[in-house]
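Here the structure comes first, spelled out in structure tokens, and everything after it is commentary.
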Amino acid sequence: MDNKNMNQKGYTKQSIIDQPEESKAFPLALILAVVTFPLWIGLVAAIGGTVIGIAASIIASGIGFAVAGFSLLITAYSVGGFSGGLLLTGVGFLLFALTILTLILFVVFCGELIPWLVKSIFKIGNKIVEEKE
């Protein structure tokens, strides 16, 4: 081999040109990721913010139901009439039931939807990076 055609690492120009396509795909994908960074970081932030907002609203509504149910149970004992107290107690217990339902909804949301969303994002990213045959 000719030493004048070799670069500092010992590769010739022809050996660099003859590289397989797989080794050329990663630098191209990296450059594409850097150039399109403003676009995809906005999408990732929007999706993440939406997920956090939904989770926070579920938790906040559950806390609101619990506080309202507790306050209605306390109020039921201070009301003079039997029927008013019974009504407030029933509504308080219904609000506690709604609290349990929002807790179940939150567990399903965090346990099922968030992992599915993350897997879907990675699948989309892998489809973009994979070479097209």
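Details
- Estimated at 0.36 nm per residue, the fully extended path between LEU103 and PHE70 surpasses their Cα-Cα distance by 10.2 nm.
- Distance between modelled label sites at VAL35 and LYS127, nm, 7 Å Cα→Cβ extension: 2.2
Read-outs: derived from the displayed coordinates by stated rules, not from any lab. Source: prediction; values computed, not measured. Please note: Cβ atoms are built from the backbone with ideal geometry, for glycine as well, and neighbour counts cover all protein chains shown.
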